[in-house]
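Visitor: Once you've had a glance at the structure underneath, I'll fire off some questions.
FYI, it's all coordinate maths here, none of it is from the lab. No experiment lies behind these values; they were computed from the predicted model shown. Heads up, the Cβs are rebuilt from the backbone with ideal geometry, glycines too, and the neighbour counts pull from every protein chain shown.
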Amino acid sequence: MGKVLVVLLGLVLALAAVVLFAWLLWWLWKRHEGEAEGRPIEIEVKAPPPAVEVKTETVEAVPLAERLAAVAEVEAETPAKLVAPDDLVVIEGIGPKISGVLQAAGITTFAQLADTAVSRIEEILEAADPRLRRLANPVTWPEQAALAAGGQWDALEALQNELKGGRKG
């Protein structure tokens, strides 16, 4: 009797699965059929904004010297042009995580890294994650960065061949 009950339960579940599958196919077919028939798509159309009234004024001619002086004043007040960041991972001892930490601290180029004191780099690493300070030794990073900033790739490679884990050794 127990086996018959298990077989009947299995048949009922199988039939339910077939019915569900058939309904899903029917639903997808009807949905696709509606798209193929080209039923109109409802689109909400917003009213255009009211017309803007343009006021025109007569502008006096400004001498070239005054315009150049104004441009120079604005340029003096604006920050330096943005520089594309360098791939700091080129420096031996800097991986993707440390590169991200340095970039977050504003050190994004080889020149900036070369001009940063080792003690400042250590502070940045310590503030980001004390483990980074214990794992990384930034003593040679400014020297390597100066070579990279100057485009002295052969000298950088020679220096890196002398390093062991970023340290002179």
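Visitor: Output the peptides 157-163, 8-14 sorted from most to least packed, where packing is the average of other Cβ atoms within 10 Å over each peptide's residues.
Guide: 157-163, 8-14
Visitor: With a 10 Å Cβ neighbour count serving as the proxy for reagent exposure, in which order, fewest first, do Ser99, Ser119 appear?
Guide: Ordered by Cβ neighbours within 10 Å, fewest first: Ser119, Ser99.
Visitor: Under 11 Å from the Cβ of Thr109, count the other residues' Cβ atoms, weight Lys and Arg +1, Asp and Glu -1, and hand me the total. Mind dumping the intermediate values first?
Guide: On the way: positive: none; negative: Asp86, Asp87, Asp115.
Residues close to Thr109 contribute a combined charge of -3.
Visitor: Gain in length, Trp29 to Leu13, computed as 0.36 nm per residue apart minus the alpha-carbon separation, to one decimal in nm? Could the numbers behind the result be given before it?
Guide: Working: separation 16, 0.36 × 16 = 5.76 nm, distance 2.43 nm.
Working it through step by step, the gained length comes to 3.3 nm.
Visitor: Moving on. Per residue, what volume in Å³ does the Cα convex hull of the range 88-168 take up?
Guide: 72
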